[in-house]
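No lab work stands behind these numbers, since they all come straight from the coordinates. Here the structure is a predicted model, which means the values were calculated and not measured. When we count neighbours, we look across all protein chains shown, and the Cβ atoms used for this are built from the backbone with ideal geometry, even at glycine.
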Amino acid sequence: MTKNVAVPEMTQNSSKPMQYPPPRSGNAGASYPIHKRFLARLEVCNHGVTPNAWTDSMKISSPTQAMSVSTLVDEAYIAWTARYPSALDRFEEIIGASKGKQIVMFLDYDGTLSPIVEDPDRAFMSDTMRDAVRDIASYFPTAIVSGRCRDKVYSFVRLAELYYAGSHGMDIKGPVKGPKNTKSKTKAVLFQPASEFLPMINEVFKTLLETTKSTPGAKVENNKFCVSVHFRCVEEKKWISLAEQVRSVLKEYPKLRITQGRKVLEIRPTIKWDKGKALEFLLESIGFANCDHVLPVYIGDDRTDEDAFKVLRDRGQGIGILVSKFPKDTNASYSLREPTEVMDFLHRLVDWKRNS
Ligand SMILES: O=P(O)(O)OC[C@H]1O[C@H](O[C@H]2O[C@H](CO)[C@@H](O)[C@H](O)[C@H]2O)[C@H](O)[C@@H](O)[C@@H]1O
C-alpha cells in the first residue's frame, strides 16, 4: 500500500534555492506521522471492508473527491510539493532550462487534457483546452501520448498538426506537415511495434467482454494494441473478483501482461515498448536524436507516464510534470494539480514564446 504514496520529509525546506532538475524521491515510501494518518484515513474510506494492498493501491491511483476534502491529505500534499514543486510556481526555472533549446511537448490525454469522468467514451476535452494545445503546437512540436487507441484519442483532440502515440506508444503517427521553424519532417511517421499481437488482443478483448459481463459496472475497452478493463463504476466489494476474472483470462496468454492505471487494468503485449520508448522514438523522428539542444516536456497523470518521466530522468534531459492532487511516488520533477492547471501552464508557455 505504501508504495504509491510518497510523502517527503518535513525537514525539506522549500525556501532553499532549487536544485535543477529537482532531486528524485530517493526514499519513496518513507513514512512519517502524516503519512500514517493518511493511510488510516484511507481505511476509514474503506467502509469496513478489510484493507487490502491491491484495492487500496487502486483507490490511491484515482482518489475520490470525498478524500480530497481531508485536511490530512492537504497537509501531505503541501509537504509533497516541496519535493515536486508546482510547474506554475517554478515557471521561470523551467523557462531558464529551455534557453538555447527547442522545447518538444508530450501530453498525456486522460486526466491531463481532460478531467477523469465515469464513462471513458465521454472524456471530452474542452474547446478552451483544444485552443491551448493548438497554440502550443504552433510554437513547439507536440505529441499526444495515450493508453487509448490512436483513432479514439484523435477523435477527442481533433488537431491534425500533432503527433499521436496511441495504445501506450504502440501506435505512432505524425502530422502530414510539421509546425513552422522546427526540424519536423514533413511526412507522416507510422510505427506499430506490436502489430503481430492484433489478433491476440482482439481475442482477449472478446473473452474479457464475455467473462466480465456478470460484473455490474465493469467496462472493457478495446484500445487496438491493448485492452482496458475499467473498475470505476464497479462496487468496491466486487473489485477483487473482477481482477480475478481478468487474471484467469490472462493465464492463457503468457505473451500479454497486466498493468494498473487509474481504476483500470490494462492488458498489453510483453514487448519492451512503453510511453518512454515512444517519447524517444518521437524525438528521433522529429529530428532530435542524440541532440543537446532539445528540451522535452512531458505532462502526464498516470503510472504509465512514469516510463516517460524515467526516460527523461535517466537522460538527464527534459522536464517531467506529474498531474496529481495527491502525493504519489513519481519520477517527474514538477507537479500540477489538475487539467485546468495544465491549461494555465500551456497558456504561460505560449505567452512567453510570443513575447520572447
Ligand atoms: O494514457 P491515458 O491517455 O491517460 O489513458 C489511460 C486510460 O485512460 C482512460 O481511462 C481513464 O480515464 C477514463 C475517463 O476519464 C476513466 O473513466 C477511467 O477510470 C480512467 O482509467 C481510457 O478509458 C483507458 O482506456 C486508458 O487506458
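Which of LYS263/LYS328; LYS152/LYS224; LYS59/LYS277; LYS152/LYS325; LYS173/LYS224; LYS224/LYS255 have a Cα-Cα distance over 20 Å? Too far apart for the 20 Å limit: LYS59/LYS277; LYS152/LYS325.
Once the Cα-Cα distance is subtracted from the 0.36 nm per residue extended length, the LYS237 to ILE78 segment shows a gain of 54.1 nm.
Note on the range 245-356: Rg/Rh from Cα positions, Kirkwood definition for Rh, rounded to two decimals, is 1.05. Each peptide in 102-109, 280-287 was scored by the mean count of other Cβ atoms within 10 Å over its residues; highest first, the order is 102-109, 280-287. Considering only VAL117, ILE95, SER62, the residue lying farthest towards the positive end of the dipole of the range 54-156 is ILE95, judged by Cα position with unit charges set on Cβ. Under a no-solvent Debye model with one identical scatterer per Cα of the range 173-325, what's log10 I(q)/I(0) at q = 0.12, 0.18, 0.20 Å⁻¹? Result of the Debye calculation: -0.64, -1.10, -1.22.
As a rough guide to protection, the peptides 342-351, 192-201 ranked by mean Cβ packing within 10 Å, highest first, stand as 342-351, 192-201. For the range 67-139, dividing the convex hull volume of the Cα atoms by the residue count gives 132 Å³ per residue.
Highest average first, the peptides 328-339, 261-272, 246-257 ordered by how many other beta carbon atoms sit within 10 Å of their residues are 328-339, 261-272, 246-257.
So for the range 232-305, what percent of the C-alpha to C-alpha distances run longer than 18 Å? Cα-Cα pairs in the range 232-305 separated by more than 18 Å: 57 percent. The charge dipole of the range 285-334, taken about its Cα centre with unit charges on the Cβ of Lys, Arg, Asp and Glu (plus for the first two, minus for the last two), comes to roughly 100 debye. About its Cα centre, the range 175-296 has a charge dipole of approximately 300 debye under the convention of +1 per Lys or Arg Cβ and -1 per Asp or Glu Cβ, with nothing else charged.
Segment MET200..ASP344, full-extension length gain: 47.7 nm, with 0.36 nm per residue of separation and the alpha-carbon distance subtracted. Considering the dipole of the range 250-356 built from charges on the beta carbon (Lys and Arg +1, Asp and Glu -1) around the Cα centre, which of GLY300, VAL264, PHE326 is farthest to its positive end? Comparing the listed Cα positions along the dipole, VAL264 ranks first.
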